[in-house]
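What follows draws every value from the coordinates through simple rules; no lab data is involved. Bear in mind the structure is a predicted one, so any value in this text is a computation, not a measurement. Cβ atoms come from the backbone with ideal geometry, glycine included; neighbour counts cover every protein chain shown.
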Amino acid sequence: MRAVIKSYIADAATAEPLEFDRGRLQWLVGGETHPEAEMTVGVCTIDPGGRNTEHFHPNCEEILFVLEDECDHTLGDEVVHLTPRMMIRCPADLPHYAVNTGDVPMRALVCFSAPDRETRHVDQEA
């Protein structure tokens, strides 16, 4: 007998955004939305001149794939300029953040190797 595979479809056009200073996150799939998921996927938007806070993920790696515009992505002590169709892999526990260096919102697909992605902000670690 074949196992029943449950699919899950999400649309970033209708996903509820979580706002942060000069940007937003839209979670498409993860352990909270789909208990059978084995990873977390979302869309991150950063407004021109904006950035997300320096953070790290202790339980998973992150892949960021730029869809629109550009950013400078700091990964540890390295800064990499990313443009559309470029991606960066952020290993677990390595602090990182992105700064939108363009004139329009930067959008990126973000994928995490765990359904229960943890995020810790560097400025809160003491």
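Meeting the requirement of 1 or more residues that are within 17 Å of ARG22 (Cα to Cα), the strands (runs of 3 or more DSSP E) wholly within the range 48-126 are 62-68, 71-75, 96-100, 106-112.
The one condition from (1) within 18 Å of TRP27 (Cα to Cα); (2) of a type outside the set (Gly, Ala, Ser); (3) surrounded by fewer than 20 Cβ atoms within 10 Å (Cβ to Cβ); (4) out of contact with any Leu (no Cβ under 6 Å at 6 or more places or on another chain) that ARG85 does not meet is (1). Check the range 89-98 and report whether any residue there is among the basic types (Lys, Arg) and more than 17 Å from ARG117 (Cα to Cα). The answer is no, given that none of the residues of the range 89-98 is among the basic types (Lys, Arg) and more than 17 Å from ARG117 (Cα to Cα).
For the range 15-45, filtered to residues that are out of contact with any Phe, Trp or Tyr (no Cβ under 9 Å at 6 or more places or on another chain), within 19 Å of HIS96 (Cβ to Cβ) and not small (Gly, Ala, Ser), the residue that is surrounded by the most Cβ atoms within 10 Å (Cβ to Cβ) is THR45.
The residue that is surrounded by the most Cβ atoms within 10 Å (Cβ to Cβ), counting only those in the range 101-126 that are within 17 Å of CYS44 (Cβ to Cβ) and free of Cβ contacts under 8 Å to residues at least 60 places away in the same chain, is THR101. As a summary of the residue check, ILE63 satisfies the conditions (1) in contact with a Leu (Cβ under 7 Å, 6 or more places away or on another chain); (2) without any contact (Cβ under 8 Å) to a residue 60 or more places away in the chain except for the one numbered (1). Condition test on ALA37, is it assigned to a loop (DSSP other than H, G, I, E, B) and in contact (Cβ under 8 Å) with a residue 24 or more places away in the chain? It is true that ALA37 is assigned to a loop (DSSP other than H, G, I, E, B) and in contact (Cβ under 8 Å) with a residue 24 or more places away in the chain.
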